[in-house]
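Below: the structure, in structure tokens.
The values are calculated or read from the model by the stated rules, or taken from the named source; none is laboratory data. This structure is a prediction, so every number in the text was calculated from the model and none was measured. Note that each Cβ is placed from the backbone with ideal geometry, even for glycine, and that neighbours are counted across all protein chains shown.
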Amino acid sequence: MHSMRLRWNVEAFERISVRRASARALGRDSIFSLSDGISIRLVLPFFFLARRRKGRPQKYSSFFLSFFLSFFRRIVDVFYSQNDSVFFFFFVSFLSQQQNMTKPGKGILAMDESNATCGSRLEGVGVENTEENRRRYRELLITTPDLGKHIGGAILFEETLYQSTKDGKAFVDCLNEQGIYPGIKVDKGLRPLANSNGESWCQGLDGLADRAAEYYKQGARFCKWRSVVSIPSGPSKIAVTDCAYGLARYAAICQNAGLVPIVEPEILLDGEHTLEETYEVASAVWAETFKYLADNNVMFDRMLLKPSMVGPGADCPKRNTPEEVAEATLKMLNSRVPPATAGIMFLSGGLSELDSTLYLNAMNQQPNPWHVSFSYARALQNSVIKTWAGDDAMVGKAQAILSRRAEENGLAQLGKFNPDESLANTDSTFQKNYVY
């Protein structure tokens, strides 16, 4: 009985440790000083109660030990729920507050394309798809000067997490020096969903706990899982449920590994659907997603949502203004997303560089309870890779474009973007049947 109760309480403490790791990645640490002497005085009386006294039956010692462990766990839980600054206040001192992904004016750089997808983009600008060329391009992104001013996190592919610059400096270290948290894509991609109308499901839950633990050791502090729903293909009930359930299980597993999960239920742009049709489908998908997140005890304040904006399909003849997209998207957020959710980091999903920034800017000109920001890939990188095109002499110019795109979206996060001063490309980045 002793060992079972002790093990249960130790596991409870470990779960709280994981919560603190997640909190740090979201910038929720602060200095909390408490003298060791006070800590010892708080704890020692319970140890004396738990000690076996001469003549006291063993069962009473058992009772007091169990009582102490359970009571101490409750103390930590209560302090944790009331004050994010407190974690094991008896045993540790905290690090100073760090830059984080949800700081005003900051967003996320998504550079987690698979080797095949990254390779197709390289080949599109005349660069061979080799590991070295992928590393060169990713080094260009990661080493952009002052990138951390407007980027709080960078999502990496597994290969990238273990790569280094040509001088041998780990990419993880390069990011940390700029105050950018390294993240990791943990899903294993989309596969055809049996007995559906050409829909997909996302694989990767097998072995995820072990992989997440290794990614954390390597320096990752948050993670991403992308699942998709297609409007022209239905969407079927089974596809929506699989999307929601997979995201919830992934989020629960990764929170227990100390990683902040980005939950990405993407409504694909493919199709002729209107904004109103997108709203209807997104309403069902988001409701199902948060239902399963709650069922799996995922902590909303330790996760980020990466949704699509509520807009028309890529082939819809009726186009909507940024204000209309912002109004529909915020209406959806307010009806489906708990205010406790740490941040909303929108995907660009094939929007042009300019449109993705305009839509985000319009949303942040209206009040909302979240950190509404960006987690863009193509909308940040499209002009960058075309400018570089494998030429090392163009690295500086390409980095300047990335820096400007990050700054513009940082201003959009504050609702202060001025399109008249922007050089953002207006070409759509949409790719039909896009595979990440």
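Summary of values
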item: Selection within the stretch 169-225 - among the aliphatic types (A, V, I, L, M), surrounded by fewer than 18 Cβ atoms within 10 Å (Cβ to Cβ) and in contact (Cβ under 8 Å) with a residue 60 or more places away in the chain; result: L190
item: Helices (runs of 4 or more DSSP H) contained entirely in the stretch 262-367, each with at least 3 residues that are within 30 Å of A252 (Cβ to Cβ) and small (G, A, S); result: 275-295
item: Test: residue in the stretch 116-130 that is assigned by TED's automatic domain parsing to the domain that holds Q218, free of Cβ contacts under 8 Å to residues at least 12 places away in the same chain and of a type in the set (S, T, N, Q); result: yes
item: The stretch 278-300: number of residues that are farther than 19 Å from T241 by Cα and more than 19 Å from the chain's Cα centre (by Cα); result: 0
item: Any chance T357 is touching a Leu at 6+ places or on another chain (Cβ under 9 Å), more than 27 Å from G105 (Cα to Cα) and crowded, with 22+ Cβ neighbours inside 10 Å; result: no
item: Residue under evaluation Y137, criteria (1) of a type in the set (S, T, Y); (2) over 26 Å from L380 (Cα atoms); (3) buried (at least 19 other Cβ atoms within 10 Å of the Cβ), criterion not met; result: (2)
item: Spans of helices (runs of 4 or more DSSP H) in the stretch 115-204 with at least 2 residues modelled with pLDDT under 95; result: 115-124
item: Per-region count, the stretch 365-376, residues in contact (Cβ under 8 Å) with a residue 40 or more places away in the chain and surrounded by fewer than 22 Cβ atoms within 10 Å (Cβ to Cβ); result: 2
item: Tally, over the stretch 314-345, of residues that are surrounded by 13 or more Cβ atoms within 10 Å (Cβ to Cβ) and within 19 Å of P367 (Cβ to Cβ); result: 20
item: Residue within the stretch 335-352 that is touching a Phe, Trp or Tyr at 6+ places or on another chain (Cβ under 8 Å), under 18 Å from E264 (Cα atoms), of a type in the set (D, E, K, R) and in the same structural domain as C118 (by TED's automatic domain parsing) present; result: yes
